[in-house]
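Quick one: structure below, then a few questions.
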Ligand code: PEP
Ligand code: MG
């Protein structure tokens with residue numbers, strides 16, 4: 001049944017993710033390993049919306065050298081043949097520790113020394129990565145993205161180091177895209193509150209709901225005991241996403257989403273209705289989300305979003321989404337995933 005279902009979806013690979021009333025959404029892939037590139041292409045990813053560069057670092061004996069990183073990033077960029085690749089700088093820490101990174105014991109690692117905090121404290125390691133990403137940008141369209149930003153100062157510090165990395169390359173005559181778009185993950189509530197200010201300093205936001213949900217709801221994303229409380233359709237989560245989208249759009253900046261929520265059929269249409277026109281997800285989910293988007297109108301998605309923003313409970317929001325999915329004849333997709 002699963003194979004037949006996928007064969008059916010394969011016919012969608014080269015079709016746009018376009019609603020019945022002509023609103024086009026970009027569907028992108030999240031990747032971590034070079035092998036994922038094959039899956040991204042196979043499932044019709046239009047861009048790489050999130051390249052988790054820490055993944056190759058986890059299986060290595062030491063921090064990758066600049067040349068090793070350039071080689072890796074170039075292969076991803078060339079593999080996408082002119083379509084943009086969003087390369088996220090290292091998001092180590094929390095549950096992603098390589099053996100060679102010595103981190104003292106932390107009682108709350110998700111609230112501890114992780115992600116951009118590590119990069120900013122290890123500027124030499126960070127600059128090696130920044131140079132490598134810049135050099136890969138000479139081979140095709142690359143966007144650079146900083147994870148776990150929680151303040152304006154962090155962006156300014158990261159951009160200062162980026163400017164130094166650019167100077168290094170200029171002084172050695174190495175090619176790179178001098179207008180490389182620079183963006184941030186929106187995954188910490190503080191960033192959502194500051195979104196209008198942060199939008200002035202960056203070219204794009206990518207909403208990381210995997211972390212955003214855990215920080216907004218105070219629910220550990222990896223703790224099964226509280227798994228039922230980890231709820232993407234919580235009204236507070238939806239408000240946060242809406243605020244981040246509106247702040248980006250008001251500033252004329254691009255906004256996408258790369259958390260698992262984008263791949264959830266119960267959430268995808270609502271996200272489109274909130275104004276997200278770029279959803280990035282595990283490559284496997286692209287065809288199914290495309291099928292859903294092609295079955296609905298943008299008007300339906302917008303009405304759903306408007307209604308969801310008014311509702312005060314998860315239960316009410318879910319029944320509203322369920323009704324829309326039933327009207328669209330998409331209950332089979334929901335049942336398959338829930
Ligand atoms: C997220 O937090 O939503 C995200 C995409 O990043 P990661 O899952 O790698 O933390
Ligand atoms: Mg995250």
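Away from ligand 1 (no atom under 16 Å from the Cβ) and at pLDDT below 95 - does that describe any residue in the stretch 93-100?
Yes.
Turning to a different aspect of this structure: Please work out which residue is nearest to ligand 1 (Cβ to nearest atom), limiting yourself to the stretch 247-265 and to residues that are in contact (Cβ under 8 Å) with a residue 40 or more places away in the chain and farther than 29 Å from residue 332 by Cβ.
Checking each candidate, the answer is 255.
Additional query: Of everything in the stretch 179-203 that's within 15 Å of ligand 1 (Cβ to nearest atom) and surrounded by fewer than 19 Cβ atoms within 10 Å (Cβ to Cβ), which residue is farthest from residue 262 (Cα to Cα)?
That would be 190.
How many of the residues making up the stretch 138-173 are away from ligand 2 (no atom under 16 Å from the Cβ), in contact with a helix residue (DSSP H, G or I) (Cβ under 6 Å, 6 or more places away or on another chain) and assigned to a loop (DSSP other than H, G, I, E, B)?
2
Of everything in the stretch 182-211, what is over 11 Å from the mean Cα position of the chain (by Cα) and part of a loop (DSSP other than H, G, I, E, B)? Give them in sequence order.
188, 194, 199, 200, 201, 202, 203
With modelled with pLDDT of 95 or more and surrounded by 23 or more Cβ atoms within 10 Å (Cβ to Cβ) as the only criterion, which of 90, 72, 64 stands out?
Going through 90, 72, 64 in turn, the sole match is 90.
Could you list all residues from the stretch 276-299 that are closer than 28 Å to residue 250 by Cβ and in contact with a strand residue (DSSP E or B) (Cβ under 7 Å, 6 or more places away or on another chain)?
Across the stretch 276-299, the qualifying residues are 276, 277, 278, 279, 280, 281, 289, 293.
Also, quick follow-up: Hey, any hits in the stretch 94-105 for a residue that's part of a helix (DSSP H, G or I) and surrounded by fewer than 18 Cβ atoms within 10 Å (Cβ to Cβ)?
no
Would a scan of the stretch 151-166 turn up a residue that is within 13 Å of ligand 1 (Cβ to nearest atom), crowded, with 20+ Cβ neighbours inside 10 Å and under 21 Å from the mean Cα position of the chain (by Cα)?
There is no residue in the stretch 151-166 that is within 13 Å of ligand 1 (Cβ to nearest atom), crowded, with 20+ Cβ neighbours inside 10 Å and under 21 Å from the mean Cα position of the chain (by Cα).
Which of (1) within 16 Å of ligand 2 (Cβ to nearest atom); (2) not in a loop (DSSP other than H, G, I, E, B) does residue 232 not meet, given it meets every other one?
It is condition (2) that residue 232 fails.
Under 8 Å between Cβ atoms, which residue pairs at least 6 apart in sequence (or on different chains) link something in the stretch 167-196 that is over 21 Å from residue 136 (Cα atoms) with a partner that is within 16 Å of ligand 1 (Cβ to nearest atom) and modelled with pLDDT under 95?
none
Quick check, is residue 271 away from ligand 2 (no atom under 16 Å from the Cβ) and more than 19 Å from the chain's Cα centre (by Cα)?
So residue 271 fails the test.
For the stretch 242-338, list the helices (runs of 4 or more DSSP H) that sit wholly inside it and hold at least 2 residues that are out of contact with any helix residue (DSSP H, G or I) (no Cβ under 6 Å at 6 or more places or on another chain), at pLDDT below 95 and surrounded by fewer than 16 Cβ atoms within 10 Å (Cβ to Cβ); which are they?
Where helices (runs of 4 or more DSSP H) fall fully within the stretch 242-338 and carry at least 2 residues being out of contact with any helix residue (DSSP H, G or I) (no Cβ under 6 Å at 6 or more places or on another chain), at pLDDT below 95 and surrounded by fewer than 16 Cβ atoms within 10 Å (Cβ to Cβ), they are 331-337.
With respect to residue 135, is the statement that it is farther than 19 Å from residue 52 by Cβ, more than 14 Å from ligand 1 (Cβ to nearest atom), touching a residue at least 24 places away in the same chain (Cβ under 8 Å) and crowded, with 22+ Cβ neighbours inside 10 Å true?
Yes; evaluated as a whole, the condition is true for this residue.
Yes/no per residue for (1) assigned to a loop (DSSP other than H, G, I, E, B); (2) touching a helix residue (DSSP H, G or I) at 6+ places or on another chain (Cβ under 9 Å); (3) farther than 21 Å from residue 86 by Cβ; (4) modelled with pLDDT of 95 or more:
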position: 4; (1), (2), (3), (4): no, no, yes, no
position: 29; (1), (2), (3), (4): no, yes, no, yes
position: 40; (1), (2), (3), (4): no, yes, no, yes
position: 50; (1), (2), (3), (4): no, no, no, yes
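Looking only at residues that are under 29 Å from residue 287 (Cα atoms) and touching a helix residue (DSSP H, G or I) at 6+ places or on another chain (Cβ under 8 Å) in the stretch 52-74, which one is farthest from ligand 2 (Cβ to nearest atom)?
74
The values are calculated or read from the model by the stated rules, or taken from the named source; none is laboratory data. Quick caveat: nothing in here was measured; it's all calculated off a predicted structure. Virtual Cβ from ideal backbone geometry, glycine too; neighbours counted across all protein chains shown.
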